[in-house]
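The values are calculated or read from the model by the stated rules, or taken from the named source; none is laboratory data. Since we're looking at a predicted model, the values are computed, not measured. Virtual Cβ from ideal backbone geometry, glycine too; neighbours counted across all protein chains shown. These area figures cover heavy atoms from the full protein model, side chains too; ligands, DNA and RNA do not enter into them. Shrake-Rupley method; radii C 1.70, N 1.55, O 1.52, S 1.80 Å.
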Amino acid sequence: MTNGITMTNAVIDCILSRSATKYYDPAATLSDEQIRELVRIGTTAPTSFHLQNWRFIAVRTPEAKARLSPIAWNQPAITEAAVTFIVCGQLADSSVVPERLAPVVEAGIMPAKLIPDWEIPARDLYMQYPQRQRDEAVRTGTFGAAAMIYAARSLGLGSTPMIGFDAEAVHREFGLAKDEVPVMLLSIGAERPGNWPQKPRRPVVEVLNLV
Ligand SMILES: Cc1cc2nc3c(=O)[nH]c(=O)nc-3n(C[C@H](O)[C@H](O)[C@H](O)COP(=O)(O)O)c2cc1C
């Protein structure tokens, strides 16, 4: 930073050095155990009212990739990256709050009597408002994907978030539920040489308002 303030550590280096991968090593795979671990890490991201309203479909076999590729602009990442996640957000639904909070009570983090204090505001916030339910699905999927992107980077893996796909076709082909939104595709895998470095960003003065 300027003004003599330097913020640096391994996590910040990881964030600063990430870029969207274009070229993957098509021979490099990830084990199902590694894929599960990436998703476990992703699901430690925050969600509104601890809804955890997400699902991740890991497209990693040649057969599954061949189903996804034509409905995702034939983007090379889908066939070449070890895995492409269909990151699904689920429409926010306050009725799941008690079951989602039960393990939090069980762990001794939250007293059971607080559950209605979460469920009722969630109901009032979402249940009559389809746009808010959908916005929350997209926020949730995005937070999960972001955590996976940086976890991947920290492990030396590349990643590509992708909106270049036919959402209706993906919904149909991969059996998403009525309340599920395909928020983005997220390819992750070992890179091959030739990827661009991170692109320059708009200056902070242009995007920050200090009030
Ligand atoms: C929501 C979202 C959708 C994107 N969709 C695509 C895509 O479909 N195909 C692609 O090659 N890159 C896609 N990208 C990557 C962006 O082009 C890239 O992040 C941006 O140009 C900045 O580059 P950098 O991430 O390397 O800094 C997407 C990124 C985001 C965040």
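What the table shows:
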read-out: Any hit, segment 57-70, residues being more than 30 Å from residue 194 (Cβ to Cβ), in a strand (DSSP E or B), within 16 Å of the ligand (Cβ to nearest atom) and under 22 Å from the mean Cα position of the chain (by Cα); value: no
read-out: Within segment 23-38, considering residues that are touching a helix residue (DSSP H, G or I) at 6+ places or on another chain (Cβ under 7 Å) and surrounded by 15 or more Cβ atoms within 10 Å (Cβ to Cβ), the one nearest to residue 193 (Cα to Cα); value: 24
read-out: Residue 113, sole failed condition from (1) within 15 Å of the ligand (Cβ to nearest atom); (2) more than 30 Å from residue 63 (Cα to Cα); value: (1)
read-out: Residue ID - least open to solvent (accessible area, probe 1.4 Å), chosen from residues in segment 55-89 that are free of Cβ contacts under 8 Å to residues at least 60 places away in the same chain and of a type in the set (S, T, N, Q); value: 69
read-out: Any chance residue 197 is exposed (fewer than 10 other Cβ atoms within 10 Å of the Cβ), outside any helix (DSSP H, G or I) and within 14 Å of the ligand (Cβ to nearest atom); value: yes
read-out: From 81, 92, 107, residue being small (Gly, Ala, Ser), away from the ligand (no atom under 15 Å from the Cβ), at pLDDT 95 or above and touching a Ser or Thr at 6+ places or on another chain (Cβ under 9 Å); value: 92
read-out: Segment 101-113 residues that are surrounded by 15 or more Cβ atoms within 10 Å (Cβ to Cβ), paired with ones that are part of a loop (DSSP other than H, G, I, E, B) (beta carbon under 9 Å, 6 or more apart); value: 101/110; 104/110; 105/111
read-out: Residue satisfying all of: in segment 121-149; open to solvent by 80 Å² or more (accessible area, probe 1.4 Å) and not in a loop (DSSP other than H, G, I, E, B); farthest from residue 42 (Cα to Cα) among these; value: 124
read-out: Which listed residue, of 206, 168, 191, is at pLDDT 95 or above and in contact with a Leu (Cβ under 9 Å, 6 or more places away or on another chain); value: 191
read-out: Test: residue in segment 170-181 that is within 11 Å of the ligand (Cβ to nearest atom) and under 16 Å from residue 75 (Cβ atoms); value: no
read-out: Residue in segment 123-142 that is touching a helix residue (DSSP H, G or I) at 6+ places or on another chain (Cβ under 9 Å) and within 14 Å of the ligand (Cβ to nearest atom) present; value: yes
